[in-house]
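Here it is, the structure, as structure tokens.
The values are calculated or read from the model by the stated rules, or taken from the named source; none is laboratory data. Fair warning: this is a prediction, and the values are worked out from it, not measured in the lab. Note that each Cβ is placed from the backbone with ideal geometry, even for glycine, and that neighbours are counted across all protein chains shown.
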Amino acid sequence: MYYDKFYPFYTTYADPTILGGEKLQEKEFEMMKTYYPETARKIQEKVEEECQLLDYEGSRLYDEYPDKFMLHHLYRRIRDELEPEMAAQEMPGGFLDDLIQVLLYQEISRRRCRRHRCRRYF
């Protein structure tokens, strides 16, 4: 089949709203992080710092099935670095550990989605 006018293949799948949607989502996420309590904000900053160190091509964060031991090791490293700061604050048993794990897994999930360009479809 021959067409008189050139029509590039990549324009058939172009959706100019995708990049804008991702930027909007990142902006909203940053805004919501400002509402975190001080303890959660410190933990989130440390989690982002550790994930940034592991954010490279071929990283274990982006394995199809991340290793549970690796995630536990990363959580323990973050906890050990935050322990002197958090010792003064009294928290119910295990709550700090749970909070660190939730924030870590959420950050890893966010980075994996951004890397794989996963989007929610309604």
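Do we find that D97 is in a loop (DSSP other than H, G, I, E, B) and surrounded by 12 or more Cβ atoms within 10 Å (Cβ to Cβ) in this structure?
Numbers: in a loop (DSSP other than H, G, I, E, B): no; surrounded by 12 or more Cβ atoms within 10 Å (Cβ to Cβ): yes.
No; evaluated as a whole, the condition is false for this residue.
Here's another thing I want to ask about it. Answer yes or no as to whether Y75 is surrounded by 13 or more Cβ atoms within 10 Å (Cβ to Cβ), modelled with pLDDT of 80 or more and aromatic (F, W, Y).
For Y75, the condition - surrounded by 13 or more Cβ atoms within 10 Å (Cβ to Cβ), modelled with pLDDT of 80 or more and aromatic (F, W, Y) - is met.
Can you pull out the residues in segment 31-52 that are among the aromatic types (F, W, Y) and surrounded by 14 or more Cβ atoms within 10 Å (Cβ to Cβ)?
Y36
Same structure again: Six or more apart or on different chains, Cβ under 6 Å: which pairs go from a residue in segment 63-81 that's within 14 Å of C51 (Cβ to Cβ) to one that's in a helix (DSSP H, G or I) and not aliphatic (A, V, I, L, M)? Could you list them?
As it stands, the answer is M70/R60; Y75/Q101; I78/K46; I78/E50, since those pairs meet every condition given.
Before we move on, is E48 part of a helix (DSSP H, G or I), under 13 Å from the mean Cα position of the chain (by Cα), more than 17 Å from D98 (Cβ to Cβ) and charged (D, E, K, R)?
Against the criterion (part of a helix (DSSP H, G or I), under 13 Å from the mean Cα position of the chain (by Cα), more than 17 Å from D98 (Cβ to Cβ) and charged (D, E, K, R)), E48 qualifies.
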